[in-house]
């Protein structure tokens with residue numbers, strides 16, 4: 001992937017030199033031409049096309065923003081209820097993620113959404129212990145995290 005980015009930047013710089021115009025727009029046009037060339041010649045390059053991973057990272061960021069907004073709305077609803085009716089608790093989230101980077105990313109995404117907090121990771125890195133402000137159904141909470149954050153992280157890293 002890094003090799004493709006370097007090739008794309010070199011193509012953009014070559015386009016600038018051939019155009020004899022050293023502006024950002026010329027660089028951008030060259031960069032887009034480089035993307036098209038890399039896409040057309042992708043079977044000759046050993047790694048997968050790098051824009052696929054960039055799009056998956058953008059998808060992960062959009063997912064996080066959506067979850068952040070929805071969890072903020074849920075927390076506001078809980079705070080403004082006349083009678084506080086919550087079921088806080090700690091549960092273990094079994095994870096399929098293997099690398100330290102993936103597990104750290106999942107724990108941080110969980111902690112950054114309001115109402116949940118990653119407490120610890122098990123010694124064998126197979127579980128993340130999470131405190132939630134309101135968990136009426138533990139299995140549903142586990143499935144929600146696995147289907148959203150964990151799945152998106154695996155798409156980005158694998």
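The values are calculated or read from the model by the stated rules, or taken from the named source; none is laboratory data. Since this is a predicted model, take the numbers as computed values, not measurements. Positions of Cβ are generated from backbone atoms using ideal geometry, with glycine treated the same way; all protein chains shown enter the neighbour counts.
At a glance:
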| item | result |
| --- | --- |
| Counted residues, region 41-69 - those being in a helix (DSSP H, G or I) and either within 20 Å of residue 2 (Cβ to Cβ) or not assigned by TED's automatic domain parsing to the domain that holds residue 111 (or both) | 13 |
| Yes/no for residue 128 being within 13 Å of the chain's Cα centre (by Cα) and either modelled with pLDDT under 90 or surrounded by 16 or more Cβ atoms within 10 Å (Cβ to Cβ) (or both) | no |
| Filter result for residue 123 (in contact (Cβ under 8 Å) with a residue 40 or more places away in the chain and outside the structural domain of residue 10 (by TED's automatic domain parsing)) | no |
| Enumeration of residues in region 61-117 that are farther than 18 Å from residue 151 by Cα, surrounded by 13 or more Cβ atoms within 10 Å (Cβ to Cβ) and in contact with a helix residue (DSSP H, G or I) (Cβ under 9 Å, 6 or more places away or on another chain) | 86, 89, 91, 114, 115, 116, 117 |
| Matching residues, region 17-51, being under 30 Å from residue 145 (Cβ atoms) and surrounded by 13 or more Cβ atoms within 10 Å (Cβ to Cβ) | 49, 50, 51 |
| Residue match in region 144-154 (condition: over 30 Å from residue 2 (Cα atoms), surrounded by 16 or more Cβ atoms within 10 Å (Cβ to Cβ) and in contact (Cβ under 8 Å) with a residue 60 or more places away in the chain) | no |
| Residue list for region 75-117, filter: within 22 Å of the chain's Cα centre (by Cα) and closer than 18 Å to residue 134 by Cβ | 92, 93, 110, 111, 112, 113, 114, 115, 116, 117 |
| Looking only at region 134-143, and only at residues there that are in contact (Cβ under 8 Å) with a residue 12 or more places away in the chain and out of contact with any helix residue (DSSP H, G or I) (no Cβ under 7 Å at 6 or more places or on another chain), the one that is surrounded by the fewest Cβ atoms within 10 Å (Cβ to Cβ) | 136 |
| Residue count, region 10-33 (criterion: modelled with pLDDT under 95 and under 30 Å from residue 153 (Cβ atoms)) | 0 |
